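What follows is a set of notes on a single structure, which appears directly below.
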Amino acid sequence: MKSIKEIAEILSRDLSQRELGDPYFNDSDYRSCPLNKEYFHEINSAETDRKIAFVDGGNQELLPSPVYSVQLNRVYFSIFKNNKRIPIKSGIPQRIEFLSYTYSQLEGHDINFETKIRPVKDKFNPYLPDERDLQANARKENVEAGTQVGMDRMASMARRFAEWKITGHVIESELEPGDIMVRDGSLQTGHQREYKYEEDVFRKAMDHDVIITGLSKTCRLATDTRVSLIDSIQRLADDSEIKYDKWCYYPVAWSKDTNREHKAVIMVVKLNKHAHTAFRFEIFKEQAETMSDKEICELVSCIADNSKDIKVPGYPYGLIDADLWARVKNEEMEGYKAKLYSELSRMGTWKQVNPLIKIVNTHEKLDGQ
């Protein structure tokens with residue numbers, strides 16, 4: 001208890017001494033906006049016929065190993081208008097599922113990853129990425145190939161690329177000019193070949209005049225005084241004479257034209273006065289730069305109108321819904337595992353696979369004690 005008390009005191013003293021600071025990006029490809037209470041924009045009433053589409057994805061490991069990973073992947077989307085879910089008019093499946101097998105090979109001094117994918121249903125095929133795009137070099141992707149973190153990152157490529165594919169199909173087939181697409185997470189690419197899928201979506205968005213946005217559940221951005229950026233902005237709102245309890249967005253930074261991996265205007269949004277926290281929010285840069293403050297405020301206010309769920313006020317219900325249907329739950333995994341293990345046993349491969357599972361699962365067994 002003494003050590004806990006001392007660490008708590010150190011933490012409390014450290015946080016109380018830090019000033020708010022300004023947004024900090026350890027990258028010259030961003031132009032940031034200093035903290036200023038004049039930059040808050042308040043929520044407007046959002047009377048509009050715009051549709052808002054939400055896309056999210058999830059994946060979980062079926063077969064763990066130090067050298068490969070078999071994953072169950074899922075991507076889901078839904079569309080709302082005036083806070084009511086509307087039916088899908090095209091033939092796009094709202095939820096797709098597929099299995100992926102990611103493995104690594106040593107070629108010279110390089111470790112390369114490849115991923116094979118198979119849809120759970122044949123009708124999901126058009127919405128899956130090209131397997132050739134799921135080849136990656138560990139050095140170019142800047143991952144530690146011998147770690148579980150590196151394997152997890154490579155195994156997530158298939159799901160991320162499928163999210164972009166579904167997003168493009170929804171823009172083309174379901175949305176109209178002025179409608180909004182909200183993706184779960186940042187608009188920043190995380191893999192070398194992801195740029196190809198993102199660019200295709202951005203082109204379709206421009207062609208169809210659909211606004212591309214991303215909202216992140218978590219935000220690790222900080223200020224130059226090493227304080228949480230979101231916490232700094234919330235404290236600035238609380239300390240202001242105006243007491244901004246209904247603000248909808250606050251501009252943070254713009255990615256420069258030299259930034260190929262991240263084409264976005266970054267802001268922090270508080271979508272409901274009862275929200276327990278604000279969130280990081282992004283708009284595709286080429287679209288945001290043509291919009292006035294009033295137009296951006298109207299767009300964010302439309303999303304705020306979808307963020308009145310009593311359980312999580314300030315977080316869009318459409319993303320709550322997407323997360324619910326895209327998440328791969330542990331209980332669902334058991335059926336897939338049983339079938340996969342049975343098939344491996346039938347093929348006589350189980351005796352090779354089982355020892356590898358045990359190597360990875362020892363830590364989980366200790367956690368369960």
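The values are calculated or read from the model by the stated rules, or taken from the named source; none is laboratory data. From a predicted model like this one, the values you see are computed outputs, not experimental measurements. Positions of Cβ are backbone-derived with ideal geometry, glycine not excepted, and every protein chain shown enters the neighbour counts. Side chains are part of the model used for accessible areas, which takes the heavy atoms of the whole protein and leaves out ligands, DNA and RNA. Shrake-Rupley method; radii C 1.70, N 1.55, O 1.52, S 1.80 Å.
Quick notes on this structure:
- Computed about its Cα centre, the charge dipole of the chain is approximately 1180 debye, with only Lys, Arg, Asp and Glu carrying charge at their Cβ.
- Normalising the average separation of contacting C-alpha pairs (under 8 angstrom, six or more residues apart) by the number of residues puts the relative contact order of the stretch 1-123 at 15 percent.
- Compared with the direct C-alpha span, the chain from Leu15 to Lys81 gains 19.5 nm at full extension, assuming 0.36 nm per residue.
- Pair Arg132, Asn36: separation of 7 Å Cα→Cβ label points (nm): 5.0
- Compared with the dominant Cα axis of the chain, that is its longest principal axis, helix 2-17 is turned about 50°.
- The charge dipole of the stretch 48-111, taken about its Cα centre with unit charges on the Cβ of Lys, Arg, Asp and Glu (plus for the first two, minus for the last two), comes to roughly 800 debye.
- For the stretch 189-251, the square roots a ≥ b ≥ c of the C-alpha gyration tensor eigenvalues yield an a/c of 1.5 or more together with a/b not exceeding b/c, which makes the shape oblate.
- The rule of thumb for compact globular proteins, 2.2 N^0.38 Å, goes into the C-alpha radius of gyration of the stretch 176-310 1.07 times.
- The label-point distance for Leu344 and Asn26, in a model that sets each label 7 Å from Cα toward Cβ, rounds to 3.8 nm.
- The simple spin-label model puts a point 7 Å past each Cα toward its Cβ; for Ser3 and Glu286 those points are separated by 5.5 nm.
- Which label in [x] 1.00; [y] 1.59; [z] 0.97 gives the computed Rg/Rh (Cα atoms, Kirkwood Rh): [x]
- Cut-off 16 Å, label 7 Å out along Cα→Cβ of Glu295, residues of the stretch 166-185 by amide N: 177-181
- Simple rule: put +1 on each Lys or Arg Cβ and -1 on each Asp or Glu Cβ in the chain, find the dipole, and look at Pro93, Gly335, Met154; the Cα lying farthest toward the positive end is Gly335.
- In the chain, a dipole from Cβ-located charges (positive for Lys and Arg, negative for Asp and Glu) runs towards its positive end, and of Ser216, His274, Tyr103 it is Tyr103 whose Cα lies farthest in that direction.
- Neighbourhood charge, 10 Å Cβ-Cβ cut-off, centred on Ser69 and excluding it, Lys, Arg +1 and Asp, Glu -1: -2
- Length released on extending from Asp309 to Asp209, taking residue separation times 0.36 nm less the Cα-Cα span: 33.1 nm
- Entries in Lys51/Lys311; Lys121/Lys285; Lys89/Lys311; Lys89/Lys204; Lys81/Lys311; Lys123/Lys308 that, when Cα-Cα distance is taken, lie over 27 Å: Lys121/Lys285; Lys89/Lys311; Lys123/Lys308
- In the context of the full set of protein chains, the chain has a per residue accessible area of 52 Å² (1.4 Å probe).
- Full-extension gain in nm, Arg226 to Asp200, via 0.36 nm per residue minus C-alpha separation: 5.7 nm
- For the chain, the antiparallel share of DSSP beta bridges with both residues in that region comes to about 85%.
- Surface share of carbon and sulfur [accessible, 1.4 angstrom probe, percent] for the stretch 125-204: 42
- Size of charge dipole - the stretch 155-205 - debye, nearest 20, with Cβ of Lys, Arg +1 and Asp, Glu -1, no other charges: 300
- For the chain, averaging the sequence separation of C-alpha pairs within contact (under 8 Å, six or more residues apart) and dividing by the residue count gives a relative contact order of 22 percent.
- If you sort Trp325, Trp247 by accessible surface, 1.4 Å probe, largest first, the order is Trp325, Trp247.
- Between helix 317-326 and the chain: long-axis angle, C-alpha atoms, 0 to 90°, nearest 10: 10
- Carbon + sulfur, % of accessible area of the stretch 1-98 - ligands and nucleic acids excluded, 1.4 Å: 48
- Crossing angle, helix 350-367 versus the chain [Cα axis fit, 0-90 degrees, rounded to tens]: 40
- Ellipticity at 222 nm from helices only: DSSP H runs of n ≥ 4 in the chain, each -39500 (n - 2.57), divided by the residue count, give -11000 deg cm²/dmol.
- Sorting the segments 272-280, 220-228, 81-89 by their residues' average number of neighbouring beta-carbon atoms within 10 angstrom, most packed first, yields 272-280, 220-228, 81-89.
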